[in-house]
């Protein structure tokens, strides 16, 4: 029945009769889909670059924090460290968030 005048093509919910201009319609649709795909790929690449930059920033921050903590640990006597820790534990925010820390310690992690 290929080529019969009443043949209708159904693809992804679209109906098109094989008539003059159908090829042009498909070509236009293909061009639209390709443009949308290019836009999605560009957005993906932009987001990857943003993620890479954020990861690099986090690594730099972590290195700086560790260096600062190491410097603090080397320059401070143990009494000063204990006083700093005790001062932190006596803050309102530390006391208010204690139930959250306890609850989190009770939840098993993926790592085990």
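No lab work stands behind these numbers, since they all come straight from the coordinates. None of these values were measured; they are calculated from a predicted model. Ideal geometry is used to build each Cβ from the backbone, glycine not excepted, and the neighbour counts take in all protein chains shown.
In table form, for the structure just shown:
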quantity	calculated
Cα-projected label distance for residue 100 with residue 32, points at 7 Å along beta-carbon direction, nm	4.8
Where only C-alpha atoms are counted, convex hull volume of the stretch 18-75 per residue in Å³	37
Net lengthening on full extension, residue 60/residue 24 (0.36 nm per residue, minus Cα-Cα)	7.6 nm
